[in-house]
Amino acid sequence: MSDWWDEYKVSVPEGRSGDWAIERFTIGEKDAEFANFRSIFSGGCTHFHAGTYTRLISKASPHCSPLMSDTVDEILDHLSVINEAHGQVLINGLGLGMVLQAVLRKPEVEHVTVIEHSPDIIALVEPHYRKMFGDRFTVILADAYTWEPPKGQRYDVVWHDIWGDFSTDLLPQMAKLHRKYGRRCNWQGSWKREYLLYMKRRERREE
């Protein structure tokens, strides 16, 4: 019997390009229980489940830190854009292509444009989805902060997910992107933005 999140997991092959690598990893039952207990005890909101998953990691970063994975916690972080996706979609950040895959499976999505600044990530990930979805998406090597959409182009949905760490310090960067694309779309969101805004308000109350 499969779990609901299995439909969102990726099948991108393992590999390495430059400082980036894609690899499978396994979370055991005991590890998942301990991680969930630790999260609850520390006031967190993560959800760990045993199973085999895929992650994108930077070999250049300390401890080979993962940029993203297709764990349940990550999937939950992206359900808002998956549910909203229709028509013309813009995604800033390719990652494992988990969001790309999920939105392209929706018949109401016409085309997806992905902005990704790393040629190595593109080399690892794009060919897999090209075989699956053909020309229904375009990947552009560019920086989300400086890239400009074609004149007159408007998107139904825009999603920003270009950060590997997790801190309220990211909020100004998110605000910058929301200002930049605000007049170009009908709906937009950023990875964990609502939670970070909540954390920022709590920090201010505690000052």
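For this structure, a couple of remarks:
- Restricting attention to segment 180-207, the residues that are hydrophobic (A, V, I, L, M, F, W, C), closer than 20 Å to residue 89 by Cβ and surrounded by fewer than 17 Cβ atoms within 10 Å (Cβ to Cβ) add up to 1.
- Just one of the listed residues (163, 147, 187) is modelled with pLDDT under 90, within 18 Å of residue 100 (Cβ to Cβ) and of a type outside the set (S, T, N, Q), and it is 163.
- One residue from 170, 104, 124, 177 being among the aliphatic types (A, V, I, L, M), modelled with pLDDT under 95 and crowded, with 17+ Cβ neighbours inside 10 Å: 170
- Within segment 66-109, the residues that satisfy the criterion of being under 20 Å from residue 122 (Cα atoms), in contact with a strand residue (DSSP E or B) (Cβ under 9 Å, 6 or more places away or on another chain) and among the aliphatic types (A, V, I, L, M) are 67, 68, 89, 90, 91, 94, 96, 98, 99, 100, 103, 104.
- Condition broken by residue 14, with the remaining ones in (1) acidic (Asp, Glu); (2) over 27 Å from residue 118 (Cα atoms); (3) modelled with pLDDT of 95 or more satisfied: (2)
- Looking across segment 17-59 at every residue that is aromatic (Phe, Trp, Tyr) and in a helix (DSSP H, G or I), the one that is modelled with the lowest pLDDT is identified as 41.
The values are calculated or read from the model by the stated rules, or taken from the named source; none is laboratory data. Note that the structure is a prediction, hence the values are computed from the model and not measured. In this analysis, Cβ positions are derived from the backbone assuming ideal geometry, glycine residues included, and neighbour counts consider all displayed protein chains.
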